[in-house]
Ligand SMILES: C[S@@+](CC[C@H](N)C(=O)[O-])C[C@H]1O[C@@H](n2cnc3c(N)ncnc32)[C@H](O)[C@@H]1O
């Protein structure tokens, strides 16, 4: 029997110091993301990060907010190794990074007990199934009021930045299943799962932070 092919996984440029990986793009976007996301996380919030990459985001949040219960995840083994090494440098107990691939149906089975889902720079550099899976997972695991935070570039019709159009083309030339997503399509996929876009924050380099909250009513099922 042949083994199913693993989907291509895109990783940004990284350098390593032993187990820890460093990404200059992560270092650049971290302060802006921190300023937007940190005040949204309640005391003791349980956060599941999807596609945690090097682990630098998780490390920065846990270092600054020791009350947070932050779970890193990634389908890439080397990335999870780096996440574990970054978290090891912190005082206190941290969860071990877990292997989550959002292209898998039911990826969220057995993953529970979170107040927030955080996903940065992932949905454009992976198949659309990842955005759909993220919304379905949010629906399955977050209670009303639960929060989803997304960060990355988006297509927004005529207001789309030239750099994002060019990025979209270059992603598609690498893999036709990738591409900068339209904000409309992302809003729709979350609305179908009962989440409303509550905040759209313009970030440096034509990126957006998006905050979705689960509606209190249970119309979407
Ligand atoms: C461009 S990196 C972003 C890393 C980190 N979130 C950041 O902003 O620095 C994309 C990450 O998404 C992860 N990824 C790719 N495909 C994925 C999938 N199907 N499910 C979950 N994560 C995925 C990759 O392994 C990689 O770590």
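Shape class of the chain from the alpha-carbon gyration tensor: rounded, with the ratio a/c of largest to smallest axis under 1.5. Under 18 Å from a label point set 7 Å out along the Cα-to-Cβ vector of residue 35, the amide N atoms of the stretch 185-211 belong to 199-211. For the stretch 163-221, the square roots of the Cα gyration tensor eigenvalues, ordered a ≥ b ≥ c, give a/c of at least 1.5 with a/b no greater than b/c, which places it in the oblate category. Sorted ascending by nearby beta carbons within 10 Å, beginning with the fewest, 120, 203 become 203, 120. Mind giving me the FRET efficiency for residue 188 and residue 24? R0 is 41 Å, r the Cβ-Cβ distance, nearest 0.05 is fine. The pair residue 188/residue 24 has a calculated efficiency of 0.80.
Under a Gaussian network description of the chain, with springs only between Cα atoms under 10 Å, the residue in 56, 17, 187 that fluctuates furthest is 17.
Under a Gaussian network description of the chain, with springs only between Cα atoms under 10 Å, the residue in 69, 93, 115 that fluctuates furthest is 93. For the stretch 134-158 and the stretch 9-64, what is the separation of their C-alpha centers, rounded to whole Å? So the separation of the two Cα centres works out to 17 Å. Averaging the sequence gap over all C-alpha pairs within less than 8 Å and six or more residues apart, then dividing by the number of residues, gives the stretch 90-142 a relative contact order of 48 percent. Beta bridges per DSSP, both residues in the chain: antiparallel share near 55 percent. Normalised by the number of residues in the chain, the mean separation of alpha-carbon contacts (under 8 Å, six or more apart) gives a relative contact order of 16 percent.
Dividing the summed helix terms, -39500 (n - 2.57) for each DSSP H run of n ≥ 4, by the number of residues in the chain produces a 222 nm estimate of -10000 deg cm²/dmol to the nearest 500.
Values in this text are rule-based calculations from the coordinates and carry no lab data. Quantities reported herein were computed from a predicted structural model and do not represent experimental measurements. Neighbour counts are summed over all protein chains in view; Cβ atoms, including those assigned to glycine, are modelled from backbone coordinates with ideal geometry.
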